[in-house]
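What follows is one structure encoded as structure tokens, with my remarks underneath.
Just so it is clear, none of the values below were taken in a lab; they were calculated from the coordinates. From a predicted model like this one, the values you see are computed outputs, not experimental measurements. Note that each Cβ is placed from the backbone with ideal geometry, even for glycine, and that neighbours are counted across all protein chains shown.
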Amino acid sequence: MMKKLIYDSALLLLGCLLWTACNNDEDLTVFSTEGAKTELGQKIIAGSDGYVGQYFSDSTYTLAPGVQALEMKILSATGLAVKMFVLEVDLKEAHLTMKASSPNEEGKLKTKQQMTLQALAYDKPGSRILAAVNGDFFAKDGTPQGIYYRNGTCLKGTMTDNVCTFFAITKNKKAIIGSYDEYDSYKEDIQEAVGGRVRLMTNGNVLPQTVTALEPRTAIGVTDDNVVYILVADGRNFWYSNGMRYAEMGAVMKALGAKNAINLDGGGSSTFIIRKIAGFEDGRFAIRNWPYDNGGVEREVANGLLVVTDN
């Protein structure tokens with residue numbers, strides 16, 4: 001009860017501050033959504049159906065040709081702080097692919113490991129990890145809810161229910177998004193795959209959602225020309241970032257150019273990792289977001305997705 005009272009009071013205070021800004025001619029520019037410095041940031045502001053209420057900052061950095069990361073701070077149209085992270089992966093680049101990771105790269109079910117350690121286990125000369133994010137929802141014992149393919153092998157070919165979805169890389173390196181009822185038509189051609197849950201976009205259309213909760217979230221989308229977008233939003237931290245709703249993620253994915261998108265595991269599982277050192281020294285991976293568990297400590301997860309270069 002006390003936590004809720006504090007949270008509600010903070011919301012009221014922020015609302016008062018925003019109302020004051022709106023009604024003070026000298027401060028009207030505080031609500032400008034112009035000024036994004038990067039192309040990805042400009043796309044999100046212009047194309048996400050009014051999701052961005054106030055722009056604070058954005059920056060991008062290139063991890064390799066075809067791989068770009070965005071970090072962006074905004075207030076949503078509802079007046080809540082959001083810190084989002086976006087990874088753009090152009091799989092038309094011959095040196096790039098995406099892999100499903102497993103704890104210790106052993107390809108076993110019923111096991112969990114932090115994503116930094118999963119990335120380290122796979123990382124080696126000729127197969128360098130550029131970035132990593134968490135994957136599917138999972139049971140307490142580490143069993144993922146959806147399908148799971150690694151190196152062309154099906155580790156799990158069942159889904160818990162018809163809400164399950166999946167992201168996959170086919171044997172000819174095509175990124176695809178699929179729903180429960182589409183699995184049979186794709187399964188013979190899957191090279192790598194992790195499961196997800198709620199479908200956010202289908203054929204360029206943002207889908208209506210009944211769940212409106214704000215949470216830390218991870219989502220993935222694909223374009224018609226084989227570009228993958230991964231979106232991570234931090235949450236449950238009022239002044240820093242409150243998370244996103246399913247519909248808001250769908251709107252951002254559409255703005256980026258995705259045609260199909262799904263929600264991956266979120267909450268304390270949401271993790272956004274990039275390579276900060278080209279070589280293989282200790283400390284070569286950096287966690288750029290703020291995983292919710294234990295004040296920023298990575299959660300052990302069942303599987304994840306790796307962006308890999310053969311350079």
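Computed over the Cα atoms of the range 84-233, the ratio of the radius of gyration to the Kirkwood radius (Rg/Rh) comes to 0.93.
With kT/(6 pi eta Rh) evaluated at 10 °C and eta = 1.306 mPa s, and Rh the Kirkwood radius from Cα pairs, the range 104-165 diffuses with a coefficient of 123 µm²/s according to Stokes-Einstein. The angle between the Cα long axis of helix 2-22 and the main principal axis of the chain comes to about 60°, on a 0 to 90 degree scale.
The angle between the Cα long axis of helix 246-256 and the main principal axis of the chain comes to about 80°, on a 0 to 90 degree scale. The percentage of C-alpha pairs in the range 171-247 whose separation is greater than 17 Å is 55%.
Close amide-amide hydrogen proximity is noted between Phe272 and Arg288, Asn289, each under 5 Å apart and 5 or more residues distant or on a separate chain (H modeled in the peptide plane; Pro and chain starts excluded). Full extension of the segment from Thr210 to Ala94, taken as 0.36 nm per residue of separation minus the current Cα-Cα distance, would add 37.8 nm.
With a cut-off of 17 Å on the backbone N, the residues of the range 83-109 near the modelled label site 7 Å out from Thr143 along Cα-Cβ are 108-109.
For the range 146-157, 3J(HN,Hα) computed residue by residue from phi via the Karplus equation (6.51, -1.76, 1.60; θ = phi - 60°) reads x, 6, 7, 10, 9, 6, x, 9, 7, 8, 8, x Hz, glycine and proline entered as x. Remark: C-alpha extents of the range 206-262 on the principal axes read 37, 23, 14 Å, sorted largest to smallest.
Sites counted here are chymotrypsin sites (Phe, Trp or Tyr not before Pro) in a DSSP loop (not H, G, I, E or B) having no more than 16 other Cβ atoms within 10 Å; the longest part of the chain that contains none of them is 1-237. The alpha carbons of the range 246-311 stretch over 40, 35, 20 Å along the principal axes, in descending order. Taking the Cα centre of the chain as origin and assigning +1 to Lys and Arg Cβ atoms and -1 to Asp and Glu Cβ atoms, the resulting dipole is close to 600 debye. Using just its DSSP H runs of length 4 or more, each adding -39500 (n - 2.57), the chain gives a mean residue ellipticity at 222 nm of -5000 deg cm²/dmol after division by all residues.
Treat the range 138-178 as a sphere of radius equal to its Kirkwood radius over Cα pairs and apply Stokes-Einstein at 4 °C in a medium of 1.567 mPa s; give the translational diffusion coefficient in µm²/s, rounded to a whole number. Approximately 116 µm²/s, per Stokes-Einstein.
Percent of C-alpha pairs per 10 Å bin in the chain, short distances first: 6, 28, 36, 21, 7, 2, 0. With the convex hull drawn around the C-alpha atoms of the range 37-173, the volume per residue stands at 160 Å³. For the range 157-311, the share of alpha carbon pairs falling in successive 5 Å distance bins from zero is 2, 9, 17, 20, 20, 17, 10, 4, 1, 0 percent.
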